[in-house]
Amino acid sequence: MDALDLLKNDHHKVKQLFAQAQRSEDKKQQKQVFREIKSELETHTRIEESIFYPALQEYEELKDMVL
């Protein structure tokens, strides 16, 4: 699996977690889900900043988009 696939999977997983939090009426469960969301987003950010964005910056036509 490449970095782009990892990022897409992260987007999907976080969307599912937000939906799960919205469906739950249990505040304790919601807090746990939000901790999971936080963890997923931290991982997502690391992948973007260490792999994805540096790879895109190699292409002159994408530099502005990455910034």
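So the values come out like this:
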item: 3J(HN,Hα) from dihedral phi, region 61-67, Karplus parametrisation 6.51/-1.76/1.60, rounded to Hz, x for glycine, proline; result: 5, 9, 4, 5, 5, 5, 5
item: Debye, to nearest 20: dipole size of the chain, +1 on Lys, Arg Cβ, -1 on Asp, Glu Cβ; result: 680 debye
item: Distance-filtered residues of region 31-63 - backbone nitrogen under 14 Å, label point 7 angstrom along Leu4 Cα→Cβ; result: 52-53, 55-57, 59, 62
item: Mean ellipticity per residue at 222 nm, deg cm²/dmol - from DSSP H runs of n ≥ 4 across the chain, formula -39500 (n - 2.57); result: -24000 deg cm²/dmol
item: Under 20 Å from Lys38, Cα to Cα: lysines that are on another chain or at least 8 residues apart; result: Lys8, Lys13, Lys15, Lys27, Lys28
item: Label of the coordinate-derived value, volume of the Cα convex hull per residue in Å³, listed as [x] 88; [y] 77; [z] 124; result: [x]
item: Tilt relative to the chain, helix 3-23 - C-alpha long axis, 0 to 90 degrees, to 10; result: 20 degrees
item: Degrees separating the helix 27-47 axis from the principal Cα axis of the chain, which is the longest one; result: 10 degrees
item: Farthest positive-ward along the chain dipole, Cα basis, beta-carbon charges - from Leu67, Tyr53, Ser24; result: Ser24
item: Relative contact order computed over the chain (Cα-Cα under 8 Å; 6+ residues apart), in percent; result: 33 percent
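No lab work stands behind these numbers, since they all come straight from the coordinates. Because the structure is a prediction, the values reported are computed rather than measured. In this analysis, Cβ positions are derived from the backbone assuming ideal geometry, glycine residues included, and neighbour counts consider all displayed protein chains.
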